[in-house]
1. I need 307, 68, 291 ordered by Cβ neighbour count within 10 Å, fewest first.
2. Please arrange 7, 234 by how many other C-beta atoms lie within 10 Å of their C-beta, fewest to most.
3. Roughly how many Å is it from the Cα centre of the range 254-299 to that of the range 136-194, as a whole number?
4. Within 10 Å of each residue's Cβ, count the other Cβ atoms and sort 184, 217 from fewest upward.
5. To the nearest 0.05, how large is the calculated FRET efficiency for residue 240 and residue 189 if R₀ is 51 Å and r is the Cβ-Cβ distance?
6. What GluC sites (Glu not before Pro) in the range 118-155 are in a loop by DSSP, with at most 12 other Cβ atoms within 10 Å of the Cβ?
7. Taking the Cα centre of each part, how many Å lie between the range 96-111 and the range 1-50?
8. At a Förster distance of 30 Å, what's the computed FRET efficiency of residue 247 paired with residue 103, Cβ-Cβ distance as r, to 0.05?
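Read-outs throughout are calculated quantities, based only on the coordinates presented, and are distinct from any laboratory measurement. This one's a predicted model, so the numbers in the text were calculated from it and none came from an experiment. Cβ coordinates were reconstructed from backbone atoms using ideal geometry, including for glycine residues, and neighbour counts include every protein chain displayed.
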Amino acid sequence: MGLKRNSLHTIDDLRGAARRRIPRLAFDYLDGGAGNEENLRRNRKGFEAVTLRPEYLRDVSDRSQKVTLFGHTYDAPIGVSPVGLANFIWPGTDGALAAMAARRNIPYILSSVGTTTIETIADIAPDHAWFQVLLPDRHEICFDLIRRAREAEMKVLVMTVDIPVPSKRLRDLRNNFMLPFKLEPGVLWGIAARPAWALATLRAGTPKFANLLPYLEPGTGTRSLGAAQASQVSANVGEDVIKRMRDAWPGPFVLKGVLSARTAEAARRLGADGIIVSNHGGRQVESGPSTIEALPEIVSAVGGDMTVMLDSGIRSGGDIVKAYALGARFTFSGRCFVYATGALGPAGGEHALNLLTDEADRTLAQIGATGMEELGADNIWAID
Ligand SMILES: Cc1cc2nc3c(=O)[nH]c(=O)nc-3n(C[C@H](O)[C@H](O)[C@H](O)COP(=O)(O)O)c2cc1C
């Protein structure tokens, strides 16, 4: 494996190791955000601005991180967010993270622009796989994906609403990220400098949008990542189509990418069972709020009626505890787990989960708490 897990003590250590182990084109795709990356930085500042309230003289010897969500009791308070093109970061990432999720009893959300099929992931993680869709202009693609996810018995449908148009990702533009991958001299040079990644990728073959292959028009040719994304989303995601999705899905239905009380109230009106407060990991709105800032107004608007979850910017177990204390009922992360596979290969995801749950456990004990579901405003000292 090259790297020793016992030298990687934090998610930031995993990020640094991934940067050294995978080509720049791949690292920048994973690490980067929209525009000048103000929102990406703000996600971190948002968590850093929250101070927890330490409490002692309590018996905290019996601690648990179990959380019940949509009728399933998970063993840890965080799941894997949907990450498109994850197998480009390290071959086998999707399948390995889904298997880890099943083994460790946490949810795994497969992206519709993921690099492994719905059917494969449902086989790997039959009780833990959720499916995330986008709405392209050709609505029938989305509804066929929903049908496939339903037939594969995926547990929860997640509709991502925060991509009316692709964002401007400067790192991908500057690296000339093209799909299918174009092996220009700069890209080749980056790959040559990362032999373990190059060999693994050569063996596995170029990652593809596995779920979308049946719907792609032949001879699309090479295009920029932004152009590929533009064909996968619609600038008109109206209430009618969300209602049709709701009706097409018998299980829990979640809208992801909610950042205001107004959008959360619309989600409730349209019959969603839950929302994920998310800014796509700082990848969509350059100057939007961090999710931890947006969370309280959303919880007070709809928290009594729907399951409010959160992702974007979580980098430690302490961050997870902060999100729960501010009203989140579950959390997710994309980069924590995918930095880990970039750093350590397919087995890395489990190391990331171990770091996060160990840190969350220490944090719970220090604030006098024994479980996630008891966290609340009492555990907050201040928000700067
Ligand atoms: C490389 C990458 C690809 C992503 N692809 C998708 C996607 O296909 N669908 C989606 O809803 N969100 C996608 N996201 C957003 C994640 O689901 C999640 O909201 C985000 O990673 C959370 O922030 P974090 O990475 O700071 O934990 C992607 C994020 C990254 C980093």
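1. Numbers: 307 18, 68 12, 291 31.
Starting with the residue having the fewest Cβ neighbours, the order is 68, 307, 291.
2. On the way: 7 8, 234 18.
Lowest count first: 7, 234.
3. Rounded to whole Å, the Cα centres lie 21 Å apart.
4. Numbers: 184 13, 217 6.
With the fewest neighbours first, 184, 217 line up as 217, 184.
5. On the way: r = 49 Å, r/R0 = 0.96.
The calculated FRET efficiency here is 0.55.
6. Values: sites: 119, 140, 151, 153; in loops: 153.
For GluC sites (Glu not before Pro) across the range 118-155 that sit outside H, G, I, E and B with at most 12 neighbouring Cβ atoms in 10 Å, the list reads 153.
7. Value for the Cα centre distance between the two parts: 21 Å.
8. Numbers: r = 34 Å, r/R0 = 1.14.
Efficiency, from the Cβ-Cβ distance: 0.30.
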